[in-house]
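Following: one structure in structure tokens, then a few remarks.
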Amino acid sequence: MNARGQAASRRGAPARWWRAHRWALGQSLLRLRERPLGTALTVAVMGLALALPLSFYLVQVNLDRFGQVLGAQQALNVFLKQDQTQAQATALARTLRADPAVATVTLRSPAAGLSELAALQGFGPALAALPDNPLPWVLVLRPRATAALAAVSTLATQLRGNSAVALVQDQGPFRARLDALTDFGRRVMQVLGALLALAAVLVVGASVRSDIQSRADEIHVLQLVGASAAFVRRPYLYAGLGLGLLSGVAAVILVLMLEVALAAPAAQLDASWGGRLGFAALSVTPLLVLLACAAMLGWLGARIASARHLAAGEPN
């Protein structure tokens, strides 16, 4: 071939590539339409398998928010003895603010504590009958986010040994249990997500395998006339990609329906906590990630099934 012919061949390569892929895409859509029931069942099963990890992610996000409200951030409530004055409480607060593990120290007076108790239902008349205020000064310590749990526990132990302190409430053990429970739930979500992703790959692979077996004669003829493995395999890859994308859409619809079904109970629960929970809905990003992952899982299942079965039927 001369230089002019080689240049023309190079210019025509993109057009041939586009025609080959357009033909493969048309063939994949045709094959999906030829088996509407099988396509619908594959999309339904794979959509359910993909909706579960996304639902677990939604639950995990809201459990993390719920854990923060319940005290995911460790706090120390330091109750001073009854004979401690405001000046002594302020001096101790100033000393604690200098500790590198402490982020903030909030000082609560006995009058503020009495007002909070009076606001609770049923405590008003009882507190009004008291001759004087029995509540002490209270220091609320918030540790730094980078502070280790052991460092804050050591600080709590030191405060318990202070002669001016009557009681120290440490939320550290509760936070440790809550963190362990959250980490366990996150690990369960990851394991189940991996298993369900594998199930989605197997579902698409089984569907493509069935399609290849039903078209064994057609594939054999294509291979005899010299069609490359990539040419024969390409329609099945597009079919797997389409099945995965449709399944991702189905999974997104199912999870959005779940959000709608749980919206009213979640709002009631949030109202019972004074609106502090703030349950979160799924943003656009995880939904788009699910669609991309679903398409890739469908392509992977089709790639594995087609490579194995087409290679087994390739003529010598």
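The values are calculated or read from the model by the stated rules, or taken from the named source; none is laboratory data. Given the structure is predicted, the values throughout are model-derived calculations rather than measurements. Quick note on the areas: whole protein, heavy atoms, side chains included, nothing else; ligands and nucleic acids left out. Shrake-Rupley method; radii C 1.70, N 1.55, O 1.52, S 1.80 Å.
Remarks
- With DNA, RNA and ligands ignored, accessible area of Ser109 (1.4 Å probe; Å², nearest 10): 40
- Measuring with a 1.4 angstrom probe and ignoring ligands and nucleic acids, Val201 comes out at about 20 Å² accessible.
- Rounded accessible area of Trp299 (nearest 10 Å², 1.4 Å probe): 90
- Expressed as a whole percent, the accessible area of segment 135-179 that falls on carbon and sulfur atoms is 57 (1.4 Å probe).
- Whole-Hz ³J(HN,Hα) from phi, Karplus 6.51 cos²θ - 1.76 cosθ + 1.60, for segment 76-89, glycine and proline x: 10, 9, 9, 9, 7, 6, 5, 7, 7, 8, 5, 5, 5, 5
- Solvent-accessible ranking of Thr182, Thr157, Thr146, largest area first, probe 1.4 Å: Thr146, Thr157, Thr182
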